[in-house]
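K.L.:
To start, I am sharing the structure in question, which I have written as structure tokens.
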Amino acid sequence: MTQQNGKKLAAEAAVELIENGMWVGLGTGSTVYYAIEAIGRRIAEGLKIQCVCTSRETEKLAGEHGIPFVDINRAETLDIAIDGADEVDDHFNLIKGGGGALFREKMVASLARRFVIVVDASKRVQTLGKFKLPIEVAAFGHEHTARRIAALGCKTYLRHKDSVVYQTDNHNYIYDCDFGAIQQPAALHEQLKSLLGVVETGLFCNMANDVFWSDGEQVGHLVSDMAPLP
Ligand SMILES: O=C[C@H](O)[C@H](O)[C@H](O)COP(=O)(O)O
């Protein structure tokens, strides 16, 4: 319950940043769910915004909450994107992709002038890596790609859902990779991205501008040194 309260409070605090006329990126997951609910309430009260979604699941939720959204190719930039994370360290490095939406999330975040993360307190860590790193790979030859990933020093687990191989919205696969403690997330991301077959990694470095977090009672707001784009 406290964790749910934490998700809700953090998400609602971030939604306060949204102003009339903004273009908004909507993330994916159980924390963003509360942001979508809060945005829906504000829209019912007259807020006018345009949104871009990071997953089919979020498109469905946005529709259910009366939130207008368009295809990402219709957005030049976004004023803000609000998203969850699986782990956040004190340097604003993130692991994302627990819900499988990492590629679309990174694409949407890359368009946002301000990328805002919402998490309950349990997601804050000293060092990334307890949560297995999700890596999206092309389905074709995925076992070869997994071997190349493993050679960088991890155990790889092909993600399944309901006993079948999980496919992302982009029809790719996900390997959840146990690297242990990740001391240099940006460097690891670059190494992984250089491998044939890797579509995207769940490491988000130098991207987040704000982190709203909550233990279910109070809300904390961390602001990175990286100023939002003008
Ligand atoms: O692919 C999913 C996303 O990266 C989520 O934002 C992340 O997994 C956190 O999800 P939740 O808020 O459900 O813990």
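Every number here is computed from the coordinates shown, using simple stated rules; none is lab data. All values reported here derive from a predicted model rather than from experimental measurement. Heads up, the Cβs are rebuilt from the backbone with ideal geometry, glycines too, and the neighbour counts pull from every protein chain shown.
K.L.:
What full-extension length gain, to one decimal in nm, is calculated for residue 221 and residue 165 as 0.36 nm per residue of separation minus the Cα-Cα distance?
P.N.:
My answer for the length gained is 16.4 nm.
K.L.:
Follow-up question, since we're still on this one. Find the relative contact order for the chain and round it to a whole percent, using C-alpha pairs within less than 8 Å whose residues are 6+ positions apart.
P.N.:
25 percent
K.L.:
Okay, next question. Given Cβ point charges of +1 (Lys, Arg) and -1 (Asp, Glu) and nothing else, what value in debye, to the nearest 20, does the dipole of the chain about its Cα centre take?
P.N.:
480 debye
K.L.:
In addition: Going out from 0 in 10 Å bins, what whole percent of all Cα-Cα distances in segment 74-230 drops into each bin?
P.N.:
11, 40, 34, 14, 1
K.L.:
Return a whole-number percent for the relative contact order of segment 133-200, with Cα pairs under 8 Å and 6 or more residues apart as the contact set.
P.N.:
48 percent
K.L.:
So which lysines can residue 123 reach, going by Cα to Cα under 29 Å and dropping same-chain residues fewer than 8 places off?
P.N.:
7, 8, 60, 96, 106, 132, 155, 161, 193
K.L.:
Using Cα centres only, tell me the gap between segment 14-79 and segment 186-230 in whole Å.
P.N.:
Distance between centres, Cα-based: 20 Å.
K.L.:
Now for a separate question. Mind checking the angle between helix 2-15 and the chain's longest principal axis? C-alpha axes, 0 to 90 degrees, to the nearest 10.
P.N.:
Tilt of helix 2-15: around 60 degrees.
K.L.:
Give the long-range amide H neighbours of residue 87: residues separated by 5 or more places, or on another chain, with amide H under 5 Å away, using H modelled in the peptide plane at 1.01 Å from N.
P.N.:
For residue 87, the qualifying residues are 95.
K.L.:
In nm, what is the difference between 0.36 nm times the number of residues separating residue 190 and residue 5 and their Cα-Cα distance?
P.N.:
Value of the extension gain: 63.0 nm.
K.L.:
Loop only per DSSP, at most 12 neighbouring Cβ atoms within 10 Å: give me the GluC sites (Glu not before Pro) in segment 1-71, ordered by residue number.
P.N.:
When the GluC sites (Glu not before Pro) of segment 1-71 are filtered for loop state and at most 12 Cβ neighbours within 10 Å, 16, 19, 45 remain.
K.L.:
Place +1 on the Cβ of every Lys and Arg and -1 on the Cβ of every Asp and Glu in the chain, take the dipole about the Cα centre, and give the residue among 107, 164, 88 whose Cα lies farthest towards its positive end.
P.N.:
Toward the positive end, the furthest listed residue is 164.
K.L.:
Would you mind checking which residues have amide H under 5 Å from residue 75's amide H? H placed 1.01 Å from N; only 5 or more apart, or other chain.
P.N.:
Hits under the 5 Å cutoff: none.
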